[in-house]
1. Need the failing condition index for residue 163 against (1) outside any strand (DSSP E or B); (2) in contact (Cβ under 8 Å) with a residue 40 or more places away in the chain; (3) within 27 Å of the chain's Cα centre (by Cα), just the number.
2. Residue check: is residue 248 surrounded by fewer than 12 Cβ atoms within 10 Å (Cβ to Cβ), without any contact (Cβ under 8 Å) to a residue 60 or more places away in the chain and in a helix (DSSP H, G or I)?
3. Quick one: how many residues across the stretch 97-121 are more than 19 Å from residue 222 (Cα to Cα), in contact with a helix residue (DSSP H, G or I) (Cβ under 8 Å, 6 or more places away or on another chain) and part of a loop (DSSP other than H, G, I, E, B)?
4. Residue by residue through the stretch 162-173, note down the ones that are within 19 Å of residue 144 (Cβ to Cβ) and crowded, with 18+ Cβ neighbours inside 10 Å.
5. So which residues in the stretch 175-186 are at positive phi and either surrounded by 14 or more Cβ atoms within 10 Å (Cβ to Cβ) or not assigned by TED's automatic domain parsing to the domain that holds residue 127 (or both)?
6. Condition first: in a helix (DSSP H, G or I) and either in contact with a helix residue (DSSP H, G or I) (Cβ under 7 Å, 6 or more places away or on another chain) or without any contact (Cβ under 8 Å) to a residue 24 or more places away in the chain (or both). Now tell me which residues in the stretch 122-138 satisfy that.
7. Here is a list: 189, 172, 166. Which entry is more than 21 Å from residue 114 (Cα to Cα) and in the same structural domain as residue 140 (by TED's automatic domain parsing)?
């Protein structure tokens, strides 16, 4: 465990490295990244010092006893209490593996995986280069070797393999050709906004039911959310009979 280094003290209150980290975590990621340098973290420390000075002065001048402040704190307390009560209710919801399995078996028709293909490609800048690469492949160079040698896509490290993808994931020009190819067939150069592609179809999967293992985690989450919504609505209705509610006309 790393030491929680003390970086400054204000009126006897330590400002530590953990305080800096907590403040950075409250910022948006881009802004936090800008403050990760030594200079940036020093700026965070200075801001924490300023905040502690304001706190010390507020306590010294009894601002916490102001009626306006007390009202603000009461609002915050009630907001937190509402969220805490809802969270406690949600924690009563449990979903068993048998429930998930039964739901899957009863609704298999809802879990049809889309048609997908597995393709490799070689991406180059112009059509002439694409045609030259295609000639080399036709003369005996393997598609994987050609991808590794000529492709400017990062997939070249895997022989151009893009893995499986359904319709709608690739740009239309690429997708239309990939889905029209036969397994092990290689396309002519295909132009897209990225350049020229040579596409090879490796495998094809027809639309078919997703296996339980493929969707178990997602389905568990969905059923949990469904049950939580039901419990929330039931509790809401029960509370309306416990406490008086009057809806006034606008």
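1. Evaluating residue 163 over (1) outside any strand (DSSP E or B); (2) in contact (Cβ under 8 Å) with a residue 40 or more places away in the chain; (3) within 27 Å of the chain's Cα centre (by Cα) leaves (1) as the failure.
2. Numbers: surrounded by fewer than 12 Cβ atoms within 10 Å (Cβ to Cβ): yes; without any contact (Cβ under 8 Å) to a residue 60 or more places away in the chain: yes; in a helix (DSSP H, G or I): no.
Judged against the criteria, residue 248 is not a match.
3. Result for the stretch 97-121: 1.
4. 162
5. From the stretch 175-186, those at positive phi are 184; that's our starting set.
Of everything in the stretch 175-186, nothing turns out to be at positive phi and either surrounded by 14 or more Cβ atoms within 10 Å (Cβ to Cβ) or not assigned by TED's automatic domain parsing to the domain that holds residue 127 (or both).
6. Passing the criteria: 128, 132, 133, 135, 136, 137, 138.
7. None of the other options fit; the residue is 189.
This table checks each residue for (1) at negative phi; (2) over 35 Å from the mean Cα position of the chain (by Cα).
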| site | (1), (2) |
| --- | --- |
| 10 | yes, yes |
| 26 | yes, no |
| 62 | no, yes |
| 75 | yes, no |
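The values are calculated or read from the model by the stated rules, or taken from the named source; none is laboratory data. Only a predicted model underlies this, so the values are computations on that prediction, with no experimental measurement involved. All Cβ positions, glycine included, derive from the backbone under ideal geometry; neighbour counts span all protein chains shown.
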